[in-house]
Amino acid sequence: MSSAEAGVTFIASLLIALVLVYKPFGDYMYRTVTSDRHSRAERLVYRAVGVNPGGEQSWGVYARSVLAFSAISILLLYLFQRVQNHLWLSLGFDPVAPDQAWNTAVSFVTNTNWQSYSGESTMGHLVQMAGLAVQNFTSAAVGIAVAVALVRGFARSKTTEVGNFWVDLVRICVRILLPVAVIGATLLIAGGVVQNLSGGTDVTTLAGAGQSITGGPVASQEVIKELGTNGGGFYNANSAHPFENPTGWTNWLQLFLILFIPFSLPRVFGRMVGDKRQGLAIAGIMAILAIGSVIAINALQLAHGGTVPTAVGAATEGTETRFGVSQSATFGAITTLTSTGAVNSFHDSYTSLGGMITMLNMMLGEVAPGGVGSGLYGMLILAVITVFVAGLMVGRTPEYLGKKIGSREIKFASLYLLTTPALVLVGTAIAMGSATARSSMANPGAHGLSEVLYAFTSASNNNGSAFAGISVNTTFYNTALGLCMLLGRFLPIILVLGLAGSLARQAPVPQSAGTLRTYQPLFIGMVVAVTVVVVLLTYLPALALGPLAEGVR
Amino acid sequence: MTTPNALSQRRVAGGLLDPGQLWKSTPDALRKLNPGTLWRNPVMFIVEIGSVFTTVLAVLHPSVFAWLITAWLWLTVVFANLAEAVAEGRGKAQAETLRRAKTDTLARRLVGTDRVEEQVPAAALQLGDIVVVEAGQVIPGDGDVIEGIASVDESAITGESAPVIRESGGDRSAVTGGTKVLSDRIVVKITQRPGESFIDRMIALVEGANRQKTPNEIALNILLASLTIIFLLAVATLQPLAIYSKGVQAFAPDSLALNGDGVTGIVLVSLLVCLIPTTIGALLSAIGIAGMDRLVQRNVLAMSGRAVEAAGDVNTLLLDKTGTITLGNRQAGEFLTVDGVTPAELADAAQLSSLADETPEGRSIVVYAKTVHGLRERTPGELGGATWVPFTAQTRMSGVDVGGRQVRKGAAIAVMKWVRDHGGHPTSDVGEIVDAISAAGGTPLVVAERVGTGPARALGVIHLKDVVKQGMRERFDEMRRMGIRTVMITGDNPLTAAAIAKEAGVDDFLAEATPEDKMALIKREQEGGKLVAMTGDGTNDAPALAQADVGVAMNTGTSAAKEAGNMVDLDSDPTKLIEIVEIGKQLLITRGALTTFSIANDIAKYFAIIPAMFAAIYPGLDKLNIMRLDSPTSAILSAVIFNAIVIVALIPLALRGVQYRPGSAASMLRRNLLVYGAGGVIVPFIGIKLIDLIIQFIPGIS
């Protein structure tokens, strides 16, 4: 099998697997978030934290719960890192420095998992397991919970209630993430991912040199890293490290784990609003953008000119030989399309335009299919904006799923649309304008600019992958990127919940022949076009001085 | 007041846009440059700030390029103001005509119980005052006739010169201040407060004096404002990146677009103005004003823009049967003979008996006999020695006695009685035919004759039918495709109603409707989230008009009805509800289409400006200059000029509204996306290239 055929088989099989799980897993998640029953374990948790699982919350209370929970999570994770030297399994590491600890705490709580540290030389096993991995679960659950709350806004009418955050959080962790994580971890261990509490084994190599083989609870963290679209690797090399991602099929499994919750959530949406076609349409929009991006990046990576790449047939720099160019490119596309940020190759070494695609993927706002939950709510915001313009063009006050899109709804949606570009562009501008920040750059010129742009794009969109090439463990970058992650996560969440509240209050408008059908190909195409055009218009000037300047000759 | 017809002719004559209209509105457009008012339009306000900024830069570092850009930026703002001014100008002309009607008349007020007459200025009249108006005098204020009957010339308001009858009591009692009594004398009770007359309100409406943004306009403004902020950020944050890039690619020479300090201010402002949605921002308020204006052209006054918008969203139309769906009167539709009578005999008798019947029904029988049975219409004078029996409400029949032959036609019961009284025995099949017609919702008229002194006999039955207006079925089909349900309201019994509903093709009907039934129907529809539109004229319609989302009161109606509705139709034509819905939809479509067009335009502008700014430092970026524009300065100037000109070019579209053809949502979206989305992408590529071909010859630009 040629490398191109292998690449196509890899992508096609992934696609088929995702199509197969869409319905059953979507339905399972639908039952989970809409069920009335509480298991005994869940009741115990509710009693322990003092929550009445039967009570529902208005959007404001829901939002405050999300913020309070996340604030406490950040605080605890920060303290955890600061005192790790006193704890069990610290492997003798020092406490993490304050600015880095803040950056890391924010990074994991916001589902970004930007890492300005190297896991194997900074974090003890206990912090990795009980700190970072726990946040991998809860931050993912928060994203799904917020998406479900927004969908409830569409599905419900004449109510102020959008659900109960604590119930959503616990259920998503206990009934969705944990069971899948157990199965996934077992498979990864079977594939060769390590899982132990060893502090490292010193061996003498054949050549006689000494080498330390690291160990650790890798598989258990690896699985939720992908499943929750977190992306924070146990090791610095992330999924390029053979202990995290040993073979071709674990590579496939990791991508499947990344994609299958975000791609199945539209099914939950469709079921909850009582029209499965609506869910399918959203999944379709995500799929068109994702497939387009995967094809583009593969084409750019495989067709790259230049002496060395031409000699070996493609741009192999920065890729692992056990994955090859295509499966690295596909991983690169998917990790940036999903706000995961795990990497199995070095994005900085991609061709200029290939690297630009990874940036564009994130700039889409992480919606194709995006992070767990965040992808769905981001896509629904884009659908709302599109409905507004399309609805006008059919001569009616725009409505989506029977809910009118008036000034209040547009206010929330537009502010959402505004948030991440503001963070990315202002952040990049400050970093390029300040001499202190520029001193972190290792590469000059257009490529260096791309690296800075990538860093802010990644942080603000809660992706977490890095282009590298800049020393980000500085006070400026730790603080600035921390702020971008924080605002890029929670401002949109507040706006989404506000939108949910305002939708839930409305009485639905009955459908008629004059109603825009939001599941037809025409509408799907229009959302795709709106998404791409808005992103290009927003970022083209910046991209022109970065990857475009470098890549267009 | 101009009639709609005259206006539409003027539009055709004016072609795309009457330049005179633009010229006349220019002073208003310049006045609107005042930032104190312009800030209400955030998009154009930003352009104005940019223009001020470039003016300062052009003064400090003059160049042909800087001055041309500055001039075109100012023109962009002026063009936007011009669009609004032209739209308002039409209303102002209308208001002027109305003001003329509002001359200061003297009112003859009747005071006290003994009704002493005194003269007061019309403006001093209070609510509840009683005034007397005689032939030749102008009615001093809005009110209800409490005594007398008069013909009134209402052309000042409606533009219709035929006088209308106003009388005390009933649904024709309302009179409007400023209209003129042509005959007789009426006593009017004033129902308005000083300064709040119908004409005052009309003037305020057509002038747009207290025009408020409609909900949808506000929502669109929010979206446009956020897009503006995004582009503002994209442009502002570009500067540090540009400075850095110029720094590392220091070999590139400084130019008018880019130097060591980054992108020059002129170019940065140009880029911003090209990117923010100026097209829709400039035309948005003109679209709203023009929408109201299109209603005024059709002689409909909307009390608020909100009502016009709601009209586009209507789900259910309540239409009165009589006058809207059917012609006002029933007409002969069939002659049914009894055994032993030929159709020609019956037709002859029917015609004869109706010659003296001047009611519309009677006329329709003569017409039917002529058109269907080929019977020439005879004049009463032709028949010597005939005794005519005219139709009266008492006898309920008409006829003629000629040459020993008596022919009668009339209500079934009356004619049957006549037959029996004259020794005849109506056969049972007459009764059957009569019942069948009644059951089908028609009105049966029996025709009978008596020759000499013999027994009278029934010849047959005339079937009087409600005649559905032509083209109604097609319009209702159209409505259905647009997702609007039509409900016919009638006082007829359910059987009759069902028959007409079926013939007219309405979706549903409400028979034997009382005002309470109407109200209940509206509330029921609204509970399901539907928007309801209706027309009404009587006082008993007022609650329903107020409850409906779009309530169109007929101008002939009572003041209570006019007060309750949110629109008034000066022509009192209930069919117009359908047009109102279409105008509402057209208004929204125009907004959506121009928004799409505006955003789609940006793509071409990037292809012009980005290579213009950065090809000097990164020569590869010149590949993006796919239009092969002459030079960086000509590219940027072309984009700015295109951006300004497109506003003027689209003013006619904004005023007229985009073409609206009823159809399903999908087909409308497809067509509009193709025209304004795809068109919006392609047109600027061509436009900018053409402008560039011309301006490259300006010294200092190429």
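Any read-out appearing in this document is the output of simple, stated calculations on the displayed coordinates, not a laboratory observation. All values derive from a computational prediction rather than experimental measurement. FYI the Cβ positions are ideal-geometry reconstructions off the backbone, even for glycines, and counts take in every protein chain you see.
Could you give me the ³J(HN,Hα) list for region B:334-345, computed from phi with Karplus coefficients 6.51, -1.76, 1.60 and θ = phi - 60°, whole Hz, x at Gly and Pro?
6, 10, 10, 8, 9, 3, x, 10, 7, x, 5, 4
In units of 2.2 N^0.38 Å, what is the alpha-carbon radius of gyration of chain B?
Ratio of Rg to 2.2 N^0.38 Å for chain B: 1.29.
In degrees from 0 to 90, rounded to the nearest 10, what is the angle of the helix B:428-439 Cα long axis to the longest principal axis of chain B?
20 degrees
Would you grab the residues whose amide H sits under 5 Å from the one on residue A:315? Only those 5+ places off in sequence or on another chain, please, with H modelled 1.01 Å from N.
For residue A:315, the qualifying residues are A:304.
Out of the DSSP beta bridges found with both residues in chain B, what percent are antiparallel (nearest 5)?
Beta bridges within chain B, antiparallel portion: roughly 75 percent.
Compute the angle between helix B:679-695 and the longest alpha-carbon principal axis of chain B, please, reported from 0 to 90 degrees and rounded to the nearest 10.
50 degrees
Give the order of B:189, B:370, B:562 when sorted by the count of other beta carbons within 10 angstrom, beginning with the fewest.
Ascending Cβ contact count within 10 Å gives the list B:370, B:189, B:562.
Tell me which trypsin sites (Lys or Arg not before Pro) from region B:94-165 have a DSSP coil assignment and no more than 11 other beta carbons within 10 Å of their own.
Here the trypsin sites (Lys or Arg not before Pro) that fit, given the DSSP loop and packing criteria, are B:115.
Over chain B, what is the relative contact order in percent, taking alpha-carbon pairs closer than 8 angstrom and at least six residues apart?
Averaging sequence separation for qualifying contacts and normalising by length gives 14 percent for chain B.
Rg/Rh for region B:37-149: what does it come to with C-alpha atoms and Rh from Kirkwood?
Rg/Rh: 1.43.
Can you spot the aspartates and glutamates whose alpha carbon is less than 18 Å from residue B:180's alpha carbon? Ignore those fewer than 8 places along the same chain.
Answer for residue B:180, where 18 Å is the Cα cut-off: B:104, B:134, B:142, B:144, B:147, B:153, B:154, B:160, B:167, B:200, B:571, listed by chain and number.
Note down the nm distance, to one decimal, between modelled labels 7 Å out along Cα→Cβ at residue A:4 and at residue B:135.
Output for this residue pair reads 9.8 nm.
What is the total of Lys pairs in chain A with C-alpha atoms under 27 Å apart, excluding same-chain pairs fewer than 8 positions apart?
Summing the qualifying lysine pairs gives 10.
So for region A:46-91, considering every pair of alpha-carbon atoms, how many percent are separated by more than 12 Å?
Across region A:46-91, Cα pairs with separations above 12 Å total 73 percent.
Around residue B:408, what is the net charge, scoring Lys/Arg as +1 and Asp/Glu as -1 over all other residues with Cβ under 10 Å from its Cβ?
Once positives and negatives cancel, what remains is 0.
Quick check: Cα centre of region B:634-661 to Cα centre of region A:237-266, how many Å?
Result: 50 Å between the Cα centres.
Report the FRET efficiency, 1/(1 + (r/R0)^6), for residue A:83 and residue A:36, where r is their Cβ-Cβ distance and R0 is 45 Å, rounded to 0.05.
Plugging the Cβ-Cβ distance into 1/(1 + (r/R0)^6) gives 0.60.
For region A:1-42, which trypsin sites (Lys or Arg not before Pro) are both in a DSSP coil and crowded by at most 13 other Cβ atoms within 10 Å?
A:37
Can you spot the lysines whose alpha carbon is less than 26 Å from residue B:465's alpha carbon? Ignore those fewer than 8 places along the same chain.
Residue B:465 reaches B:321, B:370, B:409, B:417, B:502, B:518, B:576.
Sort out for me the Cα centre separation of region B:507-528 from region A:168-214, rounded to whole Å.
Between the Cα centre of region B:507-528 and that of region A:168-214, the gap is 69 Å.
Filter the trypsin sites (Lys or Arg not before Pro) in region B:592-651 down to the DSSP loop ones having no more than 15 other Cβ atoms within 10 Å, then list what survives.
Here the sparse-neighbourhood loop sites are B:628.
Quick check: net charge around residue B:248, other residues with Cβ under 13 Å of its Cβ, Lys/Arg +1 and Asp/Glu -1?
That sum, taken over residues with Cβ under 13 Å, equals +1.
Give me the one-decimal nm value for the distance between modelled label points at residue B:149 and residue B:394, 7 Å along each residue's Cα-to-Cβ direction.
1.9 nm
Using the beta-carbon distance between residue B:507 and residue A:118 and R0 = 56 Å, what value does 1/(1 + (r/R0)^6) give for FRET efficiency, to the nearest 0.05?
0.20
Cα atoms only: what Rg and Dmax, in Å, come out for chain A?
So, for chain A, Rg and Dmax equal 22.6, 79 Å respectively.
Would you calculate a helix-derived [θ] at 222 nm for chain A, using -39,500 (n - 2.57) for each DSSP H run of n ≥ 4 and dividing by the full residue count, to the nearest 500?
Theoretical 222 nm ellipticity from helices: -21000 deg cm²/dmol.
Based on alpha-carbon centroids, what's the gap between region B:541-602 and region B:96-157 in Å, whole number please?
Result: 30 Å between the Cα centres.
If I take every Cα pair under 8 Å that is 6 or more residues apart in chain A, average their sequence separation and divide by the length, what percent do I get for the relative contact order?
Over chain A, the number comes to 20 percent.
Give the calculated FRET efficiency between residue A:442 and residue B:52 to the nearest 0.05, with a Förster radius of 41 Å applied to their Cβ-Cβ distance.
Efficiency, from the Cβ-Cβ distance: 0.45.
Leaving out same-chain residues fewer than 8 places away, which aspartates and glutamates sit with a Cα under 19 Å from that of residue B:24?
Excluding near neighbours in sequence, the set is B:84, B:88, B:96, B:207, B:293.
Among the DSSP beta bridges whose two residues both lie in region B:422-530, what percent are antiparallel, rounded to the nearest 5?
Counting only bridges with both partners in region B:422-530, antiparallel ones make up about 70 percent.
I need the phi-derived Karplus couplings for region A:15-31: 6.51 cos²θ - 1.76 cosθ + 1.60, θ = phi - 60°, integer Hz, Gly and Pro marked x.
Those phi angles translate into 4, 4, 4, 5, 4, 5, 8, 3, 6, x, 6, x, 5, 4, 5, 4, 5 Hz.
Shielding of B:524-536 by partners, i.e. mean partner chain Cβ atoms within 10 Å per residue?
Mean shielding count: 2.
Can you give me the distance in nm between label points at residue B:182 and residue B:694, each placed 7 Å from the Cα along the Cα-to-Cβ direction?
5.4 nm
Indicate the gyration tensor shape class of region A:475-553 (rounded, prolate or oblate), computed on the Cα atoms with a ≥ b ≥ c the square roots of the eigenvalues: a/c under 1.5 is rounded; otherwise a/b larger than b/c is prolate and the rest oblate.
oblate
When only Cα pairs under 8 Å and 6 or more residues apart are kept, what is the percent relative contact order across region B:149-189?
49 percent
Taking every DSSP beta bridge with both residues inside the protein assembly as shown, roughly what % is antiparallel (nearest 5)?
Rounded to the nearest five, the antiparallel share is 80 percent.
Grab the other residues whose beta carbon is less than 15 angstrom from that of residue B:74, score K and R as +1, D and E as -1, and report the net.
Counting the neighbours of residue B:74, the net charge comes to +1.
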